[in-house]
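Trainee: Let me begin by handing over the structure; questions about it come next.
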Amino acid sequence: MLQLLAKHAPSGQVLRTAFTSATPTFSPFGFTSELWKDYWSRFFTFTRAHAVPDDRQAQVFLTKQTSTVYKLLSNLAAQETLPREINDLSMEQIVAYLKVQFDPTRFAIRERFKFWTSMQRRPGESIQELAARVRQAAATGDFASVADPLDEALRTRFICPVNNEAVLREFFKMRADELDFITVIYLAIQTEDAAKVAKERVYGPKSVPALAIAQKPPRQQPMLQRLSKNEVSVRQLRCHRCGSSGHVATSCKFKDANCNFCLLTGHLEAVCCKKARSKAHGVSWIDVLEMLKAAPCRHS
């Protein structure tokens, strides 16, 4: 079998093909569902359990990966100062590449932000399942490396309410040991101001015209002037001189009439305001006059 492969395959590929076909399957690295350090620990156990030679570990690892991870490693190798082929990488170099790309401790600020803001109990989730997710999320936050708990608490409490995308991006791309509480405040102010200036540069400042500030609001006109003729006819305003509708007070025929109650000119007794107020108190002017006439004079 090996002789047949050697005749039709390029040199150096025969041993890899024969060895790979003899090894059991192993799941590829899923960076969205598993931590890199956990995957590397499982793969290392796999190589020891199946007696994979050290000089063949890199090839076995590459054959087990998805096209996404394979392409990522190929690009990283080609971007080196001295470009390399992916098949020339050692296992140590592959581990170093993927550790830089997927090690969560490098993004501890981001992982701690997610830990404190995104952890909610799912519908139907048991206490044991919730506790397992909390432990898993805490593993990515690298809390064991916190040297100053008070500064860490202040920094995290400040970062969590920040709703500025530009500021959060600046935080998330930095290492935890590069940020303390004072540095976080300074960086947030600097980034927010820079974003504001850039936005004003592109879209222009939002200023209120001086004319709009100095201009006073128009005075409201009286109700009769603001109402149209149709609105006046609909409302059927009542004349305060006679109490009838259909005309205004200036054209009322009783505008020169004398009131029999208050003896004033300009309205009828039926719409007299003083008479209405006296009725509300239960005593009329006539009643008062009658009581004064009936009272005995003390000076007689």
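Trainee: Which of the residues that make up the range 71-102 are aliphatic (A, V, I, L, M) and farther than 14 Å from residue 61 by Cβ?
Mentor: 76, 78, 82, 100
Trainee: Just for the range 40-75: of the residues that are among the basic types (Lys, Arg) and free of Cβ contacts under 8 Å to residues at least 40 places away in the same chain, which one is surrounded by the most Cβ atoms within 10 Å (Cβ to Cβ)?
Mentor: The qualifying residue surrounded by the most Cβ atoms within 10 Å (Cβ to Cβ) is 64.
Trainee: Would you check which residues across the range 174-187 are in a loop (DSSP other than H, G, I, E, B) and of a type outside the set (Asp, Glu) and list them? So that I can check it myself, show each step before the final result.
Mentor: Residues of the range 174-187 that are in a loop (DSSP other than H, G, I, E, B), as a first pass: 174-175, 179-180.
Listed by number, the residues that qualify are 174, 175, 179.
Trainee: Still on this structure, I have one more. Looking at 147, 96, 153, 132, which is the one that is under 23 Å from residue 34 (Cα atoms), loosely packed, with under 15 Cβ neighbours inside 10 Å, at pLDDT 85 or above and not assigned by TED's automatic domain parsing to the domain that holds residue 74?
Mentor: Result: 132 is the single residue among 147, 96, 153, 132 that is under 23 Å from residue 34 (Cα atoms), loosely packed, with under 15 Cβ neighbours inside 10 Å, at pLDDT 85 or above and not assigned by TED's automatic domain parsing to the domain that holds residue 74.
Trainee: Take residue 206 and tell me if it is part of a loop (DSSP other than H, G, I, E, B), closer than 30 Å to residue 158 by Cβ and at pLDDT below 75.
Mentor: Taking the combined requirement at face value, the residue satisfies it.
Trainee: Next question, about the same structure. Is the range 77-88 home to any residue that is over 23 Å from the mean Cα position of the chain (by Cα), surrounded by 11 or more Cβ atoms within 10 Å (Cβ to Cβ) and of a type in the set (S, T, N, Q)?
Mentor: yes
Trainee: With the checklist (1) modelled with pLDDT under 90; (2) touching a helix residue (DSSP H, G or I) at 6+ places or on another chain (Cβ under 9 Å) in hand, flag the one item residue 82 doesn't pass.
Mentor: (2)
Trainee: Report, ordered by the first and then the second residue, all pairs with beta carbons closer than 7 Å, sequence separation of six or more or different chains, a first member in the range 241-257 that is over 15 Å from residue 270 (Cα atoms), and a second member that is among the small types (Gly, Ala, Ser).
Mentor: Close Cβ pairs satisfying both conditions: none exist.
The values are calculated or read from the model by the stated rules, or taken from the named source; none is laboratory data. A quick note: this is a predicted structure, and the numbers were derived from the prediction, not measured. Note that each Cβ is placed from the backbone with ideal geometry, even for glycine, and that neighbours are counted across all protein chains shown.
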